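The values are calculated or read from the model by the stated rules, or taken from the named source; none is laboratory data. In this text, all values refer to a predicted model and were calculated from it rather than measured experimentally. As a convention, Cβ positions derive from the backbone with ideal geometry for all residues, glycine included, and neighbour counts pool all protein chains shown. Each accessible area value is taken on the protein alone, full model and side chains, heavy atoms only, with ligands, DNA and RNA left out. Shrake-Rupley method; radii C 1.70, N 1.55, O 1.52, S 1.80 Å.
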Amino acid sequence: MLPSYLDLLAIAGMASATYFTRICGFLWLKKHQLSPRARAVLESSPCCVMVSVVAPSFITTDPKTLVALLCSVGLSFKCSLGVTIVLSVIIMALLQNLL
């Protein structure tokens, strides 16, 4: 079934809103000099997002999730963010399927 014109209009509107909010930030930053503190905040934002996604898992009582979280925390001290994420997903998948 093909989407109706209203569906396509809604998708185009959402895409435009998303693009507009992102491009405004780039255009604003292009004209302004950031302070070292502001630069540090922007550079740490991806980590903050990851913490907000993972943090609710810390209140679980599921042993598999707790083991995976412990492994993730340990990996985060030794590996880069990308490697930590990939290995953590693999560890959680193995624990879910093997236990």
Where the chain is the region considered: accessible area per residue in Å², 1.4 Å probe: 84
Pairwise centroid distance, computed over Cα atoms, of the range 76-94 with the range 1-50, Å: 27
Gain upon complete extension [Ser4, Val51; 0.36 nm per residue less C-alpha separation]: 13.0 nm
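Peptides 31-44, 78-91: what's the order by average Cβ count within 10 Å, highest mean first?
78-91, 31-44
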In sequence order, calculated HN-Hα J values of the range 82-99 (Karplus, 6.51, -1.76, 1.60; Hz; x Gly/Pro): x, 5, 4, 5, 4, 5, 5, 5, 5, 4, 5, 5, 5, 5, 5, 8, 9, 10
Dipole in debye (nearest 20) - the range 18-68, about Cα centre, beta carbon charges: Lys, Arg +1; Asp, Glu -1: 340
FRET efficiency, Ile59 to Ala93 (Cβ-Cβ, R0 25 Å, nearest 0.05): 0.70
Positive minus negative residues near Leu70 (Lys, Arg vs Asp, Glu; Cβ under 14 Å): +1
Calculated on alpha-carbon atoms, Rg and Dmax of the chain in Å: 19.9, 54
